[in-house]
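The values are calculated or read from the model by the stated rules, or taken from the named source; none is laboratory data. Owing to the predicted nature of the structure, the values given are computational and were not obtained by experimental measurement. Here Cβ is always computed from backbone atoms with ideal geometry, including for glycine, and neighbour counts include all displayed protein chains.
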Amino acid sequence: MQKLLFIISGPSGAGKNTAMNYIRKVFPEVKKAVTYTTRKPRPHETDGVDYRFVGEEEFFARVELGDILEYEQVYNDYYYGSPADIFTDGSIKIMEMDWKGHRTYREVYKDVRIVSVFLVPPSLEEIKKRILSRSKVDNLDSRMRNALEQLEHAGEYSYVLVNDRKEKMLAELEAIVRAELLKLQRQRNLAFAEALIKQYGE
């Protein structure tokens, strides 16, 4: 069965978590690939569901073992890493990563259909507002520079959506996922059509 991976990227505050949660709710067959982080869980987060929360020692041990395919230190702070094998419990996955991870997965997973979506906030002021609305941060300048770096790579993605209105963005995202899932069925449906032709010949 062909494997399908949806990748969601965008600057901090672009709405990536909102997009991920919506897709998993509307399409239960799309399973989240849980990534690693060395930061502590926030009050509403669950280990193994939101992230795999590990210490730095375990994190780099997993890098050495090959369990973590690629990783990044974000804002000169915590490490985030993506698992090497994401299809152990399903053939259709969705995960959040930055542009570097997106490049790595496209290079490594040659046999996987990768559909990537980049989310763009409506303005730089909105990025700043969304960052500050989460919690008080002392690295706002670093986060803003990272946001601009992410935006520079938007052209590498399959789809680019502007998240100026949440409802519109989610409707567009749902249409993308629905279309890509239909494409995944093409080979199976084609095989059925060919079986009908063969049956007629008999």
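Select from region 87-108 the residues that are out of contact with any Leu (no Cβ under 6 Å at 6 or more places or on another chain) and assigned to a strand (DSSP E or B) and write down the one among them that is nearest to residue 179 (Cα to Cα).
So, considering only residues that are out of contact with any Leu (no Cβ under 6 Å at 6 or more places or on another chain) and assigned to a strand (DSSP E or B), the one nearest to residue 179 (Cα to Cα) is 94.
Here's a check for you: in region 83-118, which residue that is under 12 Å from the mean Cα position of the chain (by Cα) and of a type in the set (Gly, Ala, Ser) is surrounded by the most Cβ atoms within 10 Å (Cβ to Cβ)?
Ranking the qualifying residues of region 83-118, first place goes to 101.
Could you grab me the full set of residues in region 20-36 that are part of a loop (DSSP other than H, G, I, E, B) and either outside the structural domain of residue 168 (by TED's automatic domain parsing) or touching a residue at least 12 places away in the same chain (Cβ under 8 Å) (or both)?
27, 29, 30, 33, 34, 35
Quick check on region 136-176: of everything there that is outside any loop (DSSP other than H, G, I, E, B) and hydroxyl-bearing (Ser, Thr, Tyr), which residue is farthest from the chain's Cα centre (by Cα)?
142
May I ask you to list the residues in region 81-95 that are among the small types (Gly, Ala, Ser), under 24 Å from residue 60 (Cα atoms) and in contact with a Lys or Arg (Cβ under 8 Å, 6 or more places away or on another chain)?
Scanning region 81-95 gives a single hit, 81.
Is it true that residue 187 is farther than 26 Å from residue 103 by Cα, part of a helix (DSSP H, G or I) and in contact (Cβ under 8 Å) with a residue 60 or more places away in the chain?
Against the criterion (farther than 26 Å from residue 103 by Cα, part of a helix (DSSP H, G or I) and in contact (Cβ under 8 Å) with a residue 60 or more places away in the chain), residue 187 qualifies.
Does any residue in region 168-184 that is crowded, with 16+ Cβ neighbours inside 10 Å come within less than 9 Å, Cβ to Cβ, of a residue that is at pLDDT below 95 and assigned to a helix (DSSP H, G or I) six or more places away or on a different chain, and which pairs are these?
Short answer, once both residue conditions are applied: 169/18; 170/18.
So which residues in region 109-135 are in a helix (DSSP H, G or I) and of a type in the set (Ser, Thr, Tyr)?
Keep residues of region 109-135 that are in a helix (DSSP H, G or I), which gives 124-134.
Once the filter is applied, which keeps residues that are in a helix (DSSP H, G or I) and of a type in the set (Ser, Thr, Tyr), region 109-135 yields only 133.
I'm checking my understanding of the structure. Among residues of region 59-82 that are among the charged types (D, E, K, R) and farther than 10 Å from residue 97 by Cβ, which one is farthest from the chain's Cα centre (by Cα)? Explain how you work it out, then say what you get.
Going residue by residue through region 59-82, those that are among the charged types (D, E, K, R) are 62, 64, 67, 70, 72, 77.
Those left that are additionally farther than 10 Å from residue 97 by Cβ: 62, 64, 67, 77.
Details: 62: 21, 64: 23, 67: 18, 77: 21 Å.
Of everything passing the filter in region 59-82, 64 is farthest from the chain's Cα centre (by Cα).
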